[in-house]
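Only one structure is covered here, and it is reproduced in the block below.
What follows draws every value from the coordinates through simple rules; no lab data is involved. What you see is a predicted model, and the numbers here were worked out from it, not measured in a lab. Every residue, glycine as well, gets a Cβ built from its backbone with ideal geometry; the counts of neighbours run over all protein chains shown.
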Amino acid sequence: MTYQPQPQASHFIDGAYVEDTAGAPIPVIFAADGEEIARLHAGTPAIVDRAITAAQAAQKDWAKWSPRERGRVLTRAAQIIRERNEDLSQLETLDTGKPIQETTVADATSAADALEYFGGLAATLTGEHIPLGEDWVYTIREPLGVCVGIGAWNYPTQIACWKAAPALACGNAMVFKPSEMTPLCALKVAEILIEAGLPKGVFNVVQGMGETGAALVADPRVAKVSLTGSVPTGQKVYAAAAAGMKHVTMEMGGKSPMIVFDDADIDNAVGGAINGNFYSTGQVCSNGTRVFVQRSVRDAFLDRLTERLKGAVIGDPREPETNIGPMVSERQMQIVLGYIEKGKAEGATLVAGGNRLNRPGFFVEPTVFADVTDTMTIAREEIFGPVMSVLDFDDEDEAIARANDTQFGLSAGVFTRDLSRAHRVIGALEAGSCFINSYNDAPVEAPFGGVKMSGVGRENSRAAIEHYSQMKSVYVRMGDVEAPF
Ligand code: NDP
């Protein structure tokens with residue numbers, strides 16, 4: 001790889017890189033070998049203030065641009081991102097440890113999709129006219145103001161753009177805080193947006209840990225917070241936002257069910273389970289980590305799965321043939337290994353994997369447990385690693401009841417050739433983003449988000465517009481005003 005990852009500085013504020021070495025150091029570790037590849041600094045209170053001040057000042061003018069002109073900037077940024085996909089994918093791989101064969105097709109490209117989609121949508125966002133006889137009401141869709149985006153570490157480029165694209169299309173400004181694990185990619189997004197013609201201050205990046213995020217959320221000048229992260233963080237951020245009556249979008253974790261009926265195409269179901277458990281080394285919020293397989297096809301499913309797992313290439317994520325890279329960090333690897341030990345201790349049958357690789361970096365084998373029961377820890381808690389739990393079931397009602405027996409509700413999938421059953425089961429599952437005979441597709445055209453503890457609001461699609469704008473209604477009286485005195 002030729003990409004030089006060392007960023008020019010830690011933060012990007014008011015159209016330029018900004019450094020403040022008074023902030024706590026943030027070492028950026030390449031997960032495939034444990035080496036430090038860059039060193040940044042967390043935002044101090046002065047940096048947080050500077051970013052919000054810049055965003056607030058820039059937003060007022062940005063909101064006055066015609067929506068079509070705003071959209072044009074976003075589509076131009078999408079085009080630049082596509083032209084630089086190779087460099088950006090390499091950076092994403094260094095930032096996260098995800099295989100280059102994934103980052104080339106799923107990260108910068110997904111970011112470009114979001115910028116293109118919301119860039120195109122910008123000019124179509126209108127209010128409405130509501131006739132009331134002689135009088136009428138009209139509505140104006142207005143931006144919220146300064147929005148804060150806070151990201152998880154699994155999709156740093158995509159998360160930045162899934163939040164920034166609808167926010168900016170609606171005329172808001174954004175201060176984005178990446179995860180401290182993966183701080184590099186959002187800086188590139190900021191650079192590219194400026195190159196595409198975005199006025200300075202409209203999109204800013206501030207690095208930091210949880211406390212920097214908390215400072216951004218608490219600032220009274222902030223109107224909205226969109227967080228991608230874990231449930232405990234979501235609860236804290238939601239509560240802090242509530243204190244200021246701020247808008248929120250909460251994209252939290254999951255423990256999603258994938259139900260494989262006995263009439264399913266087994267190879268497709270196995271493919272869905274592989275995509276829904278091992279893509280990005282299992283670090284995907286919507287993963288179908290509870291795979292319910294109807295008892296009569298359980299052995300056929302496991303045989304095919306273990307056979308296909310033998311073809312998985314685990315190793316250096318920079319190599320084009322690598323399918324499975326390391327976990328993002330040593331800490332995350334230890335968490336995953338801890339869950340694997342719990343699975344064994346609680347009586348699940350280890351069918352594949354289960355070990356750390358004997359090499360530098362944070363590698364865990366793709367792991368499959370069979371004979372998992374609903375009460376086992378690995379079936380109840382989000383692991384966020386390459387660990388699949390296979391559970392047996394007998395009939396449809398049982399599968400639905402057990403699939404819904406969780407605090408989470410992000411995703412759900414069904415594999416069956418019986419399409420009436422597919423729609424019936426999906427209709428009964430408590431989840432926001434669902435799949436029939438597929439798993440984990442997330443096109444920008446489709447709303448994305450969860451129910452129950454998995455979140456509030458939706459990203460992507462026209463639905464995201466509702467979360468980055470508000471309606472002003474204007475009553476227009478044509479006649480005289482009647483008053484009691
Ligand atoms: P965390 O919840 O630990 O962190 C998420 C972000 O919030 C980070 O940038 C973190 O900073 C920041 N943060 C932490 N505490 C606070 C606080 N009190 N106030 C404001 N911000 C704070 O999640 P992870 O980064 O570990 O990501 C994994 C989680 O994200 C999983 O649960 C996963 O399911 C979920 N996720 C959900 C997705 C969805 O769309 N539904 C997509 C991807 C992941 P820092 O970490 O730098 O300290």
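Numerical summary
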item	result
Ordering of 428-434, 278-284, 240-246 by packing [mean C-beta count within 10 Å, highest first]	278-284, 428-434, 240-246
Contour excess over end-to-end distance, with Cα ends at Leu132 and Gln6 and 0.36 nm allotted per residue	39.3 nm
Value at 222 nm in deg cm²/dmol, rounded to 500, when DSSP H runs of n ≥ 4 in the chain each add -39,500 (n - 2.57)	-11500 deg cm²/dmol
Computed magnitude of the charge dipole of the stretch 260-392 (debye, nearest 20; Cβ of K, R +1, Cβ of D, E -1)	400 debye
Separation of the Asp61 and Asp262 label points, Cα + 7 Å toward Cβ, nm	6.9 nm
Overall dimensions of the stretch 143-248 by Cα: Rg and Dmax, Å	12.7, 38
At q = 0.18, 0.21, 0.25 Å⁻¹, base-10 log of I(q)/I(0) for the stretch 102-166 (Debye sum, equal scatterers on each alpha carbon)	-0.76, -0.90, -1.07
Helix axis angle, 330-345 relative to the chain longest principal axis, alpha carbon, degrees	40 degrees
Contact order relative to length of the chain, as percent, for alpha carbon pairs under 8 angstrom and 6 or more apart	18 percent
Nearest-0.05 FRET efficiency for Arg380 and Arg417, computed from C-beta distance (R0 22 Å)	0.10
Extension gain (nm, one decimal) between Asp33 and Thr139, 0.36 nm per residue minus Cα-Cα	32.6 nm
Among 333-340, 167-174, the order from most to least packed when residues are scored by Cβ within 10 Å on average	167-174, 333-340
Farthest toward positive dipole pole in the stretch 328-485 [+1 Lys/Arg, -1 Asp/Glu at C-beta], among Asn440, Gly343, Asn358	Asn358
Size of electric dipole in the stretch 3-135: Cβ of Lys, Arg +1 and of Asp, Glu -1, about Cα centre, debye, nearest 20	340 debye
Distance between modelled label sites at Ala401 and Val474, nm, 7 Å Cα→Cβ extension	5.7 nm
Equivalent ellipsoid semi-axes, the stretch 212-273, via Cα gyration tensor eigenvalues times 5, rooted, Å	39, 9, 9
Between helix 266-278 and the chain: long-axis angle, C-alpha atoms, 0 to 90°, nearest 10	60 degrees
C-alpha long axis of helix 67-83 to longest principal axis of the chain, angle in °	40 degrees
Added length on full extension, which subtracts the Cα-Cα distance from 0.36 nm per residue, Val313 to Gln235	24.3 nm
The stretch 403-442: trypsin sites (Lys or Arg not before Pro) in DSSP coil with no more than 14 other Cβ atoms inside 10 Å	Arg417
Assigned charges on the beta-carbon of Lys, Arg, Asp, Glu; the chain dipole about Cα centre (debye)	1020 debye
Dimensionless Rg over Rh [the stretch 204-341; C-alpha; Kirkwood]	1.09
Over the stretch 303-403 - Rg/Rh using Cα atoms and the Kirkwood inverse-distance radius	1.01
Cα Rg, Dmax (largest Cα-Cα span) when computed across the chain, Å	23.5, 87
